[in-house]
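Have a look at the structure below before the remarks.
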Amino acid sequence: MTLDVVMAGASGLLGRTLAAELTARGHQVTRLVRRPAGPDESTWDPYAGSVDRDLVGSADVVVNLAGSPLIGNPHSRKWAQSVRQSRVTTTRLLAELMAAADQPPAYLAGNGIGYYGDHGDEVVTEESDSRGDSLLASVTQDWQAATDPAAEAGARVCVLRTSPVLDRASAPMKQLALLFKLGLGAKLGDGGQYFPIISLRDWVNAVAFLAEHDSISGPVNLCCPTTPTNAEFTRAMAAAVHRPAFLAAPAFVLRPAAGSMAPELLGSVRARPAALLDAGFAFLDPDVDAVVAAGLSS
């Protein structure tokens, strides 16, 4: 069945790749853009509430990946406000438009694995609680709450709790690959904290799977099935680029340097993608070695 998909945030790596995959599968994708629209595009201004309501209301699936970059000055209030506002405003606007539709579309709403906060060695599934008051935990809580109008109207809502996506073209992988190739790769703190990750191809295939399978709703962890510790990730990266990685960045140095992002570097989230696994989704890159290899080879 061909789906009519409306996508916000299609200009980023995840959005571009997902749009190409959905199109390759035979679906029609219309991108919401903040400039004059071209083919298969529609102009919107989420901060002014300006959007083609009929386009959104008549879609089969709405995907929202909009949001300002997470890479910025972690000590800046302006940056933190932008991270929150860009996600919550766009998510709520689309949710409210969907709620007003006669038959609300399915909503695949971007979110982050940072929702959970530090859970130590405990296995974290979609049923786990949110802990702590870190910036990203707080943002993801508000981000998810912004989908409520759609859910309350009966829409199928999937909250995409995305872990860092490793791909040669992604910001995290670009920086990490350079550091490790220079022999400057280092574990963070004692390295014992769990660090969820996912390959780009698994992320894209998983979100396309969610678009096409209407039996799945609620939060969805997007991470590889076997979550590595930071030390295991460090060893895998070093081995993949054939460099040593004996360095360590002490927690007492990272906390003041990373500011509001320190909990994301030192906290432990042993995430498991239970919803996807229970639905029969097959990961191509199930562990850290496979994710790293896929990220470096793409």
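Values quoted throughout were computed directly from the atomic coordinates according to the rules given, and no laboratory measurement underlies them. No experiment lies behind these values; they were computed from the predicted model shown. Ideal geometry is used to build each Cβ from the backbone, glycine not excepted, and the neighbour counts take in all protein chains shown.
Points to keep in mind about this one:
- Ranked 41, 126, criterion: other C-beta atoms within 10 Å, fewest first: 41, 126
- Likely footprinting exposure, 98, 1, 261, fewest C-beta neighbours within 10 Å first: 1, 261, 98
- Calculated on C-alpha atoms, the gyration radius of the chain divided by its Kirkwood radius gives an Rg/Rh of 0.96.
- Cα-based equivalent ellipsoid, region 37-170: semi-axes from gyration tensor eigenvalues, Å: 27, 19, 14
- Volume per residue for region 33-97 equals 100 cubic angstrom (convex hull of Cα atoms).
- Ranked by how many other beta carbons lie within 10 Å on average, peptides 175-181, 226-232 from highest: 226-232, 175-181
- Sites residue 282 and residue 239 - FRET efficiency at Förster radius 22 Å, r taken between beta-carbons, to 0.05: 0.30
- Helix 135-145 axis versus longest C-alpha principal axis of the chain: approximately 20°, rounded to the nearest ten.
- FRET efficiency, residue 171 to residue 2 (Cβ-Cβ, R0 35 Å, nearest 0.05): 0.55
- For region 1-59 versus region 223-298, the gap between their alpha-carbon centres in whole angstrom: 31
- Degrees, to the nearest 10: 77-99 long Cα axis against longest axis of the chain: 30
- The chain - mean residue ellipticity at 222 nm from DSSP helices (-39,500 (n - 2.57) per run, n ≥ 4, rounded to 500): -11500 deg cm²/dmol
- Within region 216-298, the chymotrypsin sites (Phe, Trp or Tyr not before Pro) that combine a DSSP coil assignment with at most 11 other C-beta atoms in a 10 angstrom radius are 246.
- Descending semi-axes in whole angstrom, ellipsoid equivalent of region 161-298, from the Cα gyration tensor: 27, 17, 12
- Neighbour counts of other Cβ atoms within 10 Å put 268, 260 in the fewest-to-most order 260, 268.
- Taking the longest Cα principal axis of the chain as reference, the axis of helix 200-212 is set at about 30 degrees.
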